[in-house]
Amino acid sequence: MGKVATQTVEQSAQPPDAELVRRTVAGDRAAFDLLIRRYQRQAVAVSFRLLGNSQDALEVTQDAFLKGFMSIATLQKPEAFAGWLMRIVSNLSLNYRRSRKSRSAMPLDDLPATPQVASDDQPGPTRRLEGRELGQGIQEALAQLPEKQRLAIVMFSIEQLPQKQVAEAMDCSVEAVKWHVFQARKKLKELLKDYV
């Protein structure tokens, strides 16, 4: 078997979310550990994009998993665990943002899962400075968006979650997600016109 075929077999050997949720409710803590490993990076990334600070994002994500574990028996659709968890993460992130001013933002060089642009030559100091300014401009522009638009654009466009999962996380329809993303992109284009 080739590498791709092996990966597919390994992925299909993983139990689905619904089964892990049922096992967790039945008292199997190892099943919840698998859910944590499956969604930890995604949860931290969503929280980071909403808070702009890695330490705050890690703290909120830890709280979200704890809250999820404590209330997992209330989840009515075990197959919708991912959307349910992202709703917890986004709600806790927004509450955290409202209740406390975030600590100093993480340097833009350390942004998790930031796509790298491939080039033959190393970027010089000017390009690195421009990249930092653009990154800071994006963070500031995201902070100016209304909450629902910010949530939709972060989860759908930046974290590339499926629209259905974003809708579940935001507790709205797929059409509403599309509208919020459209409005967010329009506003971001206006806010970032000096950069592009």
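Side notes on the structure shown:
- Once the chain from residue 148 to residue 194 is taken as fully extended at 0.36 nm per residue, the excess over their C-alpha distance is 14.1 nm.
- Taking amide H positions as modeled 1.01 Å from N, with prolines and chain starts lacking one, the residues under 5 Å from residue 161 and 5 or more places away or on another chain are 156.
- The GluC sites (Glu not before Pro) of the range 19-107 include none that meets both criteria, a DSSP state outside H, G, I, E and B (loop) and at most 10 other C-beta atoms within 10 angstrom of the site's C-beta.
- Computed label-point distance, nm, for sites residue 158 and residue 29 using a 7 Å Cα→Cβ extension: 3.4
- The range 21-43 and the range 139-196: distance between their alpha carbon centers, rounded to Å: 28
- Over the range 14-105, equivalent-ellipsoid semi-axes from the Cα gyration tensor in Å: 26, 12, 10
- Computed from backbone phi, the HN-Hα couplings of the range 22-34 come to 4, 5, 5, 4, 6, x, 8, 5, 4, 5, 5, 4, 5 Hz, rounded to whole numbers (Karplus: 6.51 cos²θ - 1.76 cosθ + 1.60, θ = phi - 60°; Gly and Pro given as x).
- Karplus-derived 3J(HN,Hα), 6.51/-1.76/1.60, for each residue of the range 155-164, Hz, glycine and proline x: 6, 7, 7, 8, 8, 6, 6, x, 4, 5
- Loop-located trypsin sites (Lys or Arg not before Pro) in the range 17-100 (DSSP state other than H, G, I, E, B) with a sparse environment of at most 10 neighbouring Cβ atoms within 10 Å: 100.
- For the range 136-144, backbone phi angles converted through the Karplus equation (6.51, -1.76, 1.60; θ = phi - 60°) give residue-by-residue couplings of 5, x, 5, 4, 5, 5, 4, 5, 7 Hz, Gly and Pro being listed as x.
We did not get these values from a lab; they are worked out from the coordinates using the rules stated. Predicted, not measured: the structure shown is a model, and the values here were computed from it. Methodologically, a virtual Cβ is constructed for each residue, glycine included, from the backbone with ideal geometry; neighbour enumeration extends over all protein chains shown.
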